[in-house]
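A short worksheet on the structure shown next.
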Amino acid sequence: MAFKRNTCTGAGRSRLVIAYLTLLLALPMSAGAQASGGSGETERVLLATPAVIAGEVGETVRIVAQVVDARPHAIRPGSASYPAGIEAIGEPILSARGGNDTRVEFRITATEPGRFVVQPPSLTVGPEELIVPPTLFEIADPERPGTIPFTVRWMPLVDTFYRGQSIPIVLELFNAVEFTYPRGIAIQNPEIGLFEEVTGLGNVEIDFIADRELLRFPVASFVFTPDTTGAVQIPGVQIGGTGGKRRIDPLVLDVRPSPEGILESSAVGDFELSLELDRESALVGDVIQLRMAISGNGNLPVLQFPAVTAEGLVEIDRREEAQFEADAERLLGYAGERVVTIRFEVTGDAGDAALIVGPFAFFDPITQNVGYVAEERFAIEVATEEPKVQRKLDLELLTIEELQLPEWTQFYDRSWLYGAFLLPPVVVILRELFRRRRGAAVVAASLFLLAGAAVFPTLNVERLVRATELITVGEADTAGVLYDLEIQEHPDHAGLRRNRAILALRSGRESLAVYQMRRAVALRPATESLRNELQRIETLYGLEEQPPIPMLPRPDVWLAATFVLWISLWTAAFIRRGAWRSIVLFVVGLTVAASLGTLLVSVAFQERPDATVVSDVVVRRIPDDQARPWLSVPAATSVTVELTYEGFLLIRTRDGVEGWVPETALFFEGRPR
């Protein structure tokens, strides 16, 4: 049975203070009732000594009660049960008073300082049992006069204990007259189980002795999960605070064996098991994922998941996630969920594979019942990959004349072109030297230089003609080699890359076809026809989940915009001095900076080291051929190359998964870090 308390829970010190104030407002009536005596049982017993007594260690203190209408020979005192630190001196002394009343004297002494609630033995008069009102005994510390040290004890929040059960335990400060907390708590963790400090356990209580409020609240809370049976000891605690240092005695728990039916899982609590397989059919070499989740209340950190047996599959990866906290409601230890995700690679021949998840049993210590989840079998249909057939699309090659059009030219990577940006300041300097107001010369000269820079690179027409002849006779592979040479000289020519992709498509080289067409789209992202052709190729090979290519204007657009704004900036220098000139210079200057920044972003995207998987490849967590396989990536999948290390490349997929593959497994042209 759980140890229940009847006031609000305090997870931290601030919460305890709030709870304390709330109780002060909510309990005035009950406080008055307790202070006045309350039940009829205590009406015949009157306390003759004060309800609060101050004393010293070793001093004999007398508690005197008067029993009304009872003679000494008719009264039988019960056995004494005093708190630790208080000892009885002899037997109670009974003496007759005037009339039929009896005086009962209890003699006690304190062996240590502290604040103690002393409950004298009950008195039996015939069939009636009389309760003597309690007395608050306050013993000052002899080494610190005027100081009454605090009292702390171990307090388990449940009554029964089983092996493997997560037991909530608090260090409880009691008989305090104000909220105070130890400055330091030195605890030695037991070596026969899991012992963790948590938050959110324990409650605040207020008792009354006469008009004195006594507080009881936790100063630290823990969850202990023993892994043995019998007498299990929680070590003592050394505590320091404003009331001095105190040593708390060890706590001994009588731990019972858990039922034999849960020996494999060691699960003590109330749980639910859920299983999820991501697919029911696969090809040889595919990766299948099994997700097992255990949620509920109990010993979540230590319980064991059911065993998993694989037929026709091999485990390649296992990861675990957990999210739980102390169980402050049902007091079963922890509340939350643990998840285990296992990846398997299909290794058997075509036919049936299977995953068998073993049974799972758990013991609920509250209901004393054992829950059981039966074994579950997942059948997986396995097929070998169908032979690849040559797949074709009706895509026409660009002619040599079309390849020579200026629209394919990229100007941003021609360093000599940036000399045009020097002309506006040169004209301004000459204008100042000769004092001639010919601002139009700035624009005219700059446009002339830009036009002169538009010298389009010449393609090797002879090589392209030879490639066309080879294509005519069906030699697409050889023609592709000639296009590779041309692309080496003109890597930013989207038309050449488009033709190379079509030749690779005709040769059945799917990874090369996808790579070259994606490069063409990256060079000309606003060309809708190229995007449509890329989509058709990727759909042909079942690559619908490829990384997207942003619709960014080509860098030449931003280069031209920056150049025009640059001319405008220097032309503004001819405006007469004044506020308008400053405003124009400021606005145009900001626009130039923004345009230049966008240009750099566009260029950085085009030069990003993307790659395409040549054939199905196994990804590993570390750059080592002997490392355990993690997952597989199908051929023609586009990935981003992050860095290189001793013949391996670190890649990132569209889903953000990173891993290492050999350099030979990818087709790429970038220069990874």
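The values are calculated or read from the model by the stated rules, or taken from the named source; none is laboratory data. Please read all numbers here as calculations on a predicted model, not as lab measurements. Cβ coordinates were reconstructed from backbone atoms using ideal geometry, including for glycine residues, and neighbour counts include every protein chain displayed. Note: areas computed on protein heavy atoms with side chains; ligands, DNA, RNA excluded. Shrake-Rupley method; radii C 1.70, N 1.55, O 1.52, S 1.80 Å.
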- Item | FRET efficiency for T124 and A293, using Cβ-Cβ distance with R0 set to 51 Å, rounded to 0.05 | 0.30
- Item | Environment charge of Q165, counting only residues whose C-beta is closer than 11 Å and scoring Lys/Arg +1, Asp/Glu -1 | 0
- Output ³J(HN,Hα) for segment 305-320: one whole-Hz value per residue in order, computed from phi by the Karplus curve 6.51 cos²θ - 1.76 cosθ + 1.60 with θ = phi - 60°, and x for Gly and Pro. 6, x, 5, 10, 10, 10, 10, x, 9, 10, 6, 10, 6, 9, 9, 10
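Stretch R463-T309 to full length: gain in nm at 0.36 nm per residue minus the Cα-Cα span?
Values: separation 154, 0.36 × 154 = 55.44 nm, distance 6.06 nm.
Gain on extension, R463 to T309, equals 49.4 nm.
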- Task: Evaluate the distance, in nm, between pseudo-label points positioned 7 Å from the Cα of V52 and of R628 along their respective Cα→Cβ axes.
- Result: 6.6 nm
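Over all distinct Cα pairs, what is the inverse of the mean 1/r for segment 74-138, reported as the Kirkwood hydrodynamic radius in Å? Show your work: numbers first, answer last.
On the way: mean 1/r = 0.0774 Å⁻¹.
It works out to 12.9 Å.
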- Note on the structure: For segment 533-545, Karplus-derived ³J(HN,Hα) couplings (6.51, -1.76, 1.60; θ = phi - 60°; whole Hz; x for glycine and proline) come out as 5, 4, 4, 5, 5, 5, 5, 4, 9, x, 10, 6, 9
- Task: Please give the length that would be gained between D477 and D159 if that part of the chain were fully extended, namely 0.36 nm times their separation in residues minus their C-alpha to C-alpha distance (nm, one decimal).
- Result: 106.4 nm
- Calculate, for segment 281-399, the solvent-accessible area per residue in square angstrom, rolling a 1.4 angstrom probe over the heavy atoms of the protein chains. 51 Å²
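Please give the length that would be gained between A84 and Y645 if that part of the chain were fully extended, namely 0.36 nm times their separation in residues minus their C-alpha to C-alpha distance (nm, one decimal). Don't jump to the answer; show the numbers that get you there.
Numbers: separation 561, 0.36 × 561 = 201.96 nm, distance 6.86 nm.
So the chain would gain 195.1 nm between A84 and Y645.
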- Which cross-chain or sequence-distant (5 or more) residues have an amide H under 5 Å from the amide H of E642, H modelled 1.01 Å from N in plane? L650, I651, R652
- Just need the relative contact order of segment 158-295 here, percent rounded to a whole number, with Cα pairs under 8 Å and 6+ apart. 27 percent
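Please work out the FRET efficiency for the pair D394 and E325, using the Cβ-Cβ distance as r and a Förster radius of 60 Å; give the result to the nearest 0.05. Walk me through the numbers before you get to the answer.
Details: r = 62 Å, r/R0 = 1.03.
Result of the calculation: an efficiency of 0.45.
Using a 1.4 angstrom probe on heavy atoms only, work out the carbon and sulfur share of the accessible area of segment 181-258 in %. The partial results should precede the final answer.
Working: 1500 of 3610 Å².
Carbon and sulfur: 42 percent of the exposed surface of segment 181-258.
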- Message: How far apart, in nanometres, would the label points at R76 and D278 be if each is projected 7 angstrom from Cα along the Cα-to-Cβ direction?
- Response: 7.6 nm
- Long-range amide H partners of A220 with built H, under 5 Å: L171
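Rank by packing, highest mean first: peptides 501-513, 179-191, 205-217, with packing defined as the count of other Cβ atoms within 10 Å averaged across residues. Could the numbers behind the result be given before it?
On the way: 501-513: 22.7, 179-191: 14.4, 205-217: 17.0.
Highest to lowest by the protection proxy: 501-513, 205-217, 179-191.
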- Message: Taking all protein chains in place and a 1.4 Å probe, what share, in percent, of the accessible surface of segment 42-125 do carbon and sulfur account for?
- Response: 47 percent
- Search the structure for amide H atoms under 5 Å from the amide H of H490, placed 1.01 Å from N in the peptide plane, and list their residues when 5 or more places away or on another chain. none
